[in-house]
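Novice: The following block contains the structure, expressed as C-alpha cells.
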Amino acid sequence: MRTIFEENMKEFLEGTLDPLQKEEEWFHPHARILVLQQETEGAGGQMKNKSQFVQRDFLNVVAYGVFRFDTEENADDDLEDEVLYCYELQVSSTARRQGLGRELLELMSLFGKQHHMKKVMLTCFKANEDAIAFYKKIGFTNDPICPSQWADSESEEETEEEEEEEEIDYFILSKPLNT
C-alpha cells in the first residue's frame with residue numbers, strides 16, 4: 001500500500017510525505033480498508049478481470065481504499081451528517097482504467113447505504129486534475145462545506161503574503177447516498 005501511495009502522491013506531497021503518519025491513519029481502529037489484489041500465474045503475474053480479485057493479505061495490491069464512518073458538519077453549521085469518509089483511494093499505475101477505483105467507491109457507497117450514511121465524502125488536491133475529473137465523472141460535486149468555494153470571495157484587502165498562507169489546495173467532494 002505504501003508503495004502505491006508514494007508512487008501516486010509524490011508530486012502532490014513533495015517534502016511533506018510522512019509514510020508513518022499515513023499508516024497510522026490507515027490502521028486507525030475506526031478505519032476500514034478495502035484491498036484489491038492482482039491474481040498471479042507463475043513468475044510473470046498477469047492481471048485477470050476484476051471479478052477475480054481476492055482479499056487475502058497485502059501482497060500484489062493493485063488498488064485500495066481507506067474509509068471511516070464519521071460525522072461532518074453540514075451547510076447549517078450547527079448540525080452534523082453521518083457520512084462515510086473516504087480517506088484514501090489509490091490505484092496502481094499498472095492497473096488504471098480498469099474500473100477498480102469505481103469498484104472501490106461503489107463498495108464504499110454500498111457500505112454507506114447499509115449503515116444509513118447520508119453521503120460519501122472525500123478530500124482531493126486541486127492539483128490532482130485526473131482524480132478530480134474521475135470523481136466528477138462518477139457523480140461527486142463540491143460539498144457545501146468545501147472551503148475552496150469561499151476562498152475566491154474573501155476580502156480583496158488581504159496582502160499577497162496572507163493569501164499565500166491561507167491558500168487552500170484541496171476540494172472537499174461528496175456524493176449523496178439515497179438510502
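Novice: Keeping all protein chains in the complex and leaving out DNA, RNA and ligands, what accessible area do you get for Glu129 with a 1.4 Å probe, in Å² to the nearest 10?
Specialist: 130
Novice: Sticking with this one: Set the Förster distance to 35 Å, then compute FRET efficiency between Asp76 and Leu20 from the Cβ-Cβ distance, nearest 0.05.
Specialist: 0.40
Novice: For region 53-147, give the percent of accessible area contributed by carbon and sulfur heavy atoms, probe 1.4 Å, rounded to a whole number.
Specialist: C and S atoms contribute 47 percent here.
Novice: Over region 61-101, give the accessible area per residue in Å² for a 1.4 Å probe, as an integer.
Specialist: Heavy-atom accessible area per residue stands at 48 Å².
The values are calculated or read from the model by the stated rules, or taken from the named source; none is laboratory data. All values reported here derive from a predicted model rather than from experimental measurement. So basically every Cβ, Gly included, is an ideal-geometry build from the backbone, and we count neighbours across all protein chains shown. Protein only, heavy atoms only, side chains kept; ligands, DNA and RNA dropped before computing areas. Shrake-Rupley method; radii C 1.70, N 1.55, O 1.52, S 1.80 Å.
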